[in-house]
Structure formats: structure tokens, C-alpha cells
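Below is one structure, written out as C-alpha cells; the observations come after it.
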Amino acid sequence: MTNDENDKNDKDEKIGFLQRRWVLPAALGAAVLVGGVVGAGVFLLAGSPSHEDRSAAHRAAKPRPAAPAKVDCHVRKCIALTFDDGPVTGTAKLLDILKAHGAHATFFVLGQQVANNQDILKREATEGHQIGNHTFDHAKLTGAPKAKVEDELIRTQEAILQATGTTPTVMRPTYGYSDKQLNGIAKEMGLAQILWTVDTLDWKDRNTALVTKRVLAGAKPGHIVIMHDIRPTSVAAMPGILDALTKQGYAFVTVSELYGGTLVPGDRYPPFLGSPTAGPAPPM
Ligand SMILES: [Zn+2]
């Protein structure tokens, strides 16, 4: 992040902070309007946030641990639907479908897609979905120089933070490939690596019926399904998939919810997968 961006962030946070701080003092000021001097005092105090208050506001925009799980996947049949390579304009339609079914998903986004789709990314965050890092421009991370790998991940973290106010705690390595260097960098950056257990191959076939068939055939409690929100054929498959799995009693959760919010940075999930090939998930 450049110094200018830092300055802008500080300013934006200060403005947001001041806006929040003015609501209560304004009410107080009105209540004690007859005692004008007191009211003015409140306003003066409110306009000068202490250093501690500013620090607290700054911390609020920094990485934070995954929110506590809303669904207990030891009790419920849970499945994590994940969508890669967005956001794109068509992601908005997918968000509408997920909302209509009360479903949460995880979006592994490309940093380069964020600037032109900030509102969609914000929607993903505010509607309860999880956002993960999928590199800046879909570079292959294995065998790349350390600085290049760090740059791909850091630029994407920053773009997501800028747009949503939160920093991801999960990433999906491109092509599912990791190596020792990536494991170390992911650990340092507080990112757990999320693979998948049900591969829809939707990027290859681009066929709504095939995507539906593969998801329904592979769905089991604790599984992670990979799809791509950049494929309209996959978005079109979602209403049917969600209807069918809802009838089977599934709860559609984020990857952090699937693991009860206990993902370890640097580790690969599911933990039993040595390679990104599909395999049976252990009972959750
Ligand atoms: Zn991808």
C-alpha cells in the first residue's frame, strides 16, 4: 500500500469514526440545549477523539479472526459451496439466488477483479459470505520467486481490505498447487489454504446439467465443492442444486463455518488431502 493510500485510509477511518461519534453527542446536545454551555462542551469533547480511540478504529479494519460459526456442522449436514475467479457482473445474479435460498458460500476472488466490481464484493461480505484470496491475476504460485508469490497475495489482501474493510483468512492456491514456500508465506500472512473435494470441472464443460449432476453425485456432509462464478452455466445450475440439497437437509456454510472457525494459517484443507484430487471427506 502506498503512503497516499495509507493517508486516505486514515482519513476515511477518521471520517467514519467521527460520524459515529457525532450521533450520540448530537442527541445529548439537543437534550441539554437549554444549558447551551454544557452542550457545547459535549460537542467539543466529541470532536477530539483520543489516541486510544483512533487506534481502536484503526484496529477495526485490520485482519480479524473468523467469525464464530453460526451453524454447528457436528449437528447439521453441512456443505461448503465455493466460487473462484470473480467477482464479475454475473456474480450479482448468483448472490440473488444464494440469498433466496438462505445459503452462504465462499468466494475466492482475484485481486485484479476487485477494482471494477467493488459493490459486488461488498455485497458478498455484507450478505454473510466468506471472501478468500485467489491471487491477483491467477498466477501459478509454485516454483515462483518468493517476492512474486508475496506480491500476488498481498495485493489481493489489500484490494479486498480496501473494498470490504476486512482481510481474508483463507486462500485457494491457483490450480490447487502448493509447495513449501507457499505454505510458509500463507502461514506468515495468516491464510489457511482451502482445496476442494467435489470438482465440478465447470470451467471445462460449461454445461448446466453436468454441473448439477456432479454436485449432487458428490455431495456429502463436510464436502467442499469448487465452481466458478465467472461461468453463467454454473450460476444457472444453482437454483436446482440448492433446491435438491435443501430437500436433503443440507446447510450451506462458509469454509470457516465448515471447520468450526478453527482453520490454521498455512495448513491445507481438507487436512487429509495430500493432493487436490477429490476424495471422501471424514465425517464432521
Ligand atoms: Zn481459479
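Give me Rg/Rg_expected for the stretch 77-269, where Rg uses Cα atoms only and Rg_expected = 2.2 N^0.38 Å with N residues. It would help to have the intermediate numbers written out before the result.
Details: Rg = 15.5 Å, N = 193, 2.2 N^0.38 = 16.3 Å.
Against the compact-globule rule of thumb, the ratio is 0.95.
Just rank Thr91, Thr246, Thr82, fewest to most, by other beta-carbon atoms within 10 angstrom. Please list the in-between numbers first.
Details: Thr91 22, Thr246 14, Thr82 25.
Ordered from fewest to most neighbouring Cβ atoms within 10 Å, Thr91, Thr246, Thr82 come out as Thr246, Thr91, Thr82.
For labels at Arg76 and Asp205 in the simple 7 Å Cα→Cβ model, what's the distance in nm?
2.8
Take the residue pairs Lys99/Lys220; Lys70/Lys220; Lys140/Lys187; Lys93/Lys213; Lys140/Lys247 and return only those whose Cα atoms are more than 27 Å apart. Mind dumping the intermediate values first?
On the way: Lys99/Lys220 22 Å; Lys70/Lys220 20 Å; Lys140/Lys187 18 Å; Lys93/Lys213 21 Å; Lys140/Lys247 39 Å.
Correct reply: Lys140/Lys247.
Once the other residues with Cβ under 11 Å from the Cβ of Tyr175 are scored (Lys, Arg +1; Asp, Glu -1), what is the net sum? List each step's numbers first, then the result.
Values: positive: Lys140, Arg172; negative: Asp84.
Neighbourhood net charge equals +1.
None of the figures in this text is laboratory data; all of them are computed from the coordinates on show. In this text the structure is predicted, and so the values were computed from the model without any measurement. So basically every Cβ, Gly included, is an ideal-geometry build from the backbone, and we count neighbours across all protein chains shown.
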